[in-house]
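Read the structure below first, then the notes.
The values are calculated or read from the model by the stated rules, or taken from the named source; none is laboratory data. Model, not experiment: these values are computed from the prediction. Here the Cβ positions follow ideal geometry from the backbone for every residue, glycine too, while neighbour counts run over all protein chains shown. Surface accessibility is based on the protein's heavy atoms, side chains included, excluding ligands, DNA and RNA. Shrake-Rupley method; radii C 1.70, N 1.55, O 1.52, S 1.80 Å.
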Amino acid sequence: MKRRTFVQTSALAALMAGLSGTQGCGKAQESGTVRLGLDQWLGYLPWRVAEEKNMFANHGINGEITWFPGITEWQNAFNTKKVDVMCAYTGDVITANVKGIPCKVVTMMNYSNGGDQILAADSIQSIADFRNKEVLVKKGTVYELLLLQALDKSGLQASDVKIIDTPGDVAGVAFGSGKADIVVTGNPGAGKALEARKSGRTIFSSADVPGLLPDLITVHSEFITQNPKVVQGLVETWFEAVSFHIKNPDEAYAIESKFIKVSLDEFKQQIAGIRFLEPKENLQVFDTTNQSLSLYHYVPFINQFLLENKAITSSIAKPDDVLDGSFVKDYFQRNPA
C-alpha cells in the first residue's frame with residue numbers, strides 16, 4: 001500500500017538538528033486531556049468514530065484530535081510536543097527514540113494485510129527460485145523490508161538476489177508490461193499489474209508477516225510517566241472504537257468514508273488491505289514468545305534494517321526501550337473475558 005513508503009521520514013530528519021531546545025517544552029497534562037496528531041490514513045479512521053460517538057468520555061478522558069494534512073505535519077507536532085500521541089510505523093518509533101524523542105508503543109492498531117506484495121511470473125515456482133534473479137524493489141523502504149522477510153523465510157539473503165533499486169509504482173508497471181519477473185509493490189498498483197499481466201501472481205505479501213507493517217499508538221514517554229490513567233483511558237477508547245469498526249462495519253464505514261470524502265464502494269476496496277486487530281490480539285503484540293504478531297520479534301529486525309540503511313547511526317538497547325504493554329495487560333487483567 002502507498003501509506004508507508006520510506007522508513008526514514010523527512011519530518012524526523014529535518015527536525016533533529018534543532019530539537020535539543022524543544023525537549024523540555026511540553027507541558028504535562030494534568031486535566032485528563034490527551035492530544036492526538038493524525039492524518040486521514042485509512043488505518044486511523046476508527047478514531048473518527050471515537051470522536052463522533054464521544055467514546056473518549058466513556059473512559060474518563062478528554063481526547064483532542066488534530067487532523068493534519070499529512071505525515072510531515074503530525075510528525076512535526078509530535079516531535080515538538082504539540083501533541084502527545086502519534087500513530088506510527090515501527091521504524092518511526094525506533095528512529096524517534098534513537099534521535100532523542102523518547103516515546104513508547106502502547107497498542108497495535110492494525111497491520112498491512114496483503115496490501116504490500118511481491119509479484120512473480122508464473123515461471124517462478126517459489127521464493128527459493130529468486131536466487132540469482134533480478135528483483136525490482138525500492139531500497140530503504142518497507143518494500144525492501146517485505147522482501148528481506150520473504151527471503152529469510154526461504155533461507156536466502158539479500159546477497160542471493162540482484163536488487164534493482166526501483167520505486168514501487170514503477171516496478172508494478174514493469175511487471176504488468178512483462179519487463180520484469182519479480183517486483184515488490186503495493187496496491188492499487190499491484191492489482192493493476194496483475195490485471196495487465198495474466199501470467200503472474202502474488203507470491204508473498206504483508207499478510208504473511210502480520211506484525212511487520214503495523215500502525216502503532218505511540219505516546220511520549222514523559223506523558224506516560226505523568227499521566228498513566230489518561231494513557232489507560234486512551235488505550236481503552238481505541239479498543240471501543242476498533243471493536244465498533246469491526247462489529248458494525250456498515251455504520252463505521254459510512255462515518256469514515258464520509259470523513260475522507262470517498263465513495264463507500266471505493267472505501268471498502270481500499271480498506272480491504274488493512275486488518276484491524278481485535279483488542280485481545282494485542283496480548284500477542286507484547287508477548288516475547290510470539291513469533292507472528294509480537295513487536296518483540298520485529299523490533300530488532302527493523303532496528304538492524306535502519307542501521308544498515310543509515311537511517312539511524314546508533315541502536316536502541318532492547319525492544320523494551322520502545323514498547324510498553326502494561327496498559328493492554330492491565331485492561332485484560334480487569335476484563336479477562
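On a per residue basis, the chain carries 42 Å² of accessible surface, using protein heavy atoms and a 1.4 Å probe. Rounded to the nearest 20 debye, the dipole magnitude of the stretch 68-215 is 140 debye, with +1 charges on Lys and Arg beta carbons, -1 on Asp and Glu beta carbons, and the Cα centre as origin. Between the listed residues P300, V34, L194, the Cα displaced farthest toward the positive end of the dipole of the chain, a dipole computed from Cβ unit charges relative to the Cα centre, is found at L194. Dipole of the stretch 36-157 computed with +1 at Lys/Arg Cβ and -1 at Asp/Glu Cβ about the Cα centre; of A77, C103, W67, farthest Cα towards the positive end is C103. Our estimate of slack between D129 and T72, defined as 0.36 nm per intervening residue step minus the Cα-Cα distance, is 16.6 nm. Please enumerate, by chain and number, the lysines with C-alpha under 18 Å from the C-alpha of K247, excluding those fewer than 8 residues away in the same chain. Partners found: K53, K268, K280.
Around the Cα centre of the stretch 220-282, unit charges on the Cβ atoms of Lys, Arg, Asp and Glu (plus for the first two, minus for the last two) sum to a dipole of about 40 debye. Basic side chains Lys and Arg get +1 at the Cβ, acidic Asp and Glu get -1 at the Cβ, and with that the dipole of the chain about its Cα centre reaches some 420 debye.
What spacing in nm lies between the two simple spin-label points modelled at K247 and S159, each 7 Å away from Cα in the Cβ direction? If labels sit at K247 and S159, their model points lie 5.3 nm apart. Taking every alpha-carbon pair under 8 Å whose residues sit at least 6 apart, the chain reaches a relative contact order of 26 percent. Residues considered: N97, N110, N309. Largest GNM mean-square fluctuation over the chain, using C-alpha springs under 10 Å, is found at N309. Would you calculate, for the chain, the mean residue ellipticity at 222 nm contributed by helices, counting each DSSP H stretch of 4 or more residues as -39,500 (n - 2.57) and dividing by all residues, to the nearest 500? The helix-only estimate for the chain comes to -11500 deg cm²/dmol at 222 nm.
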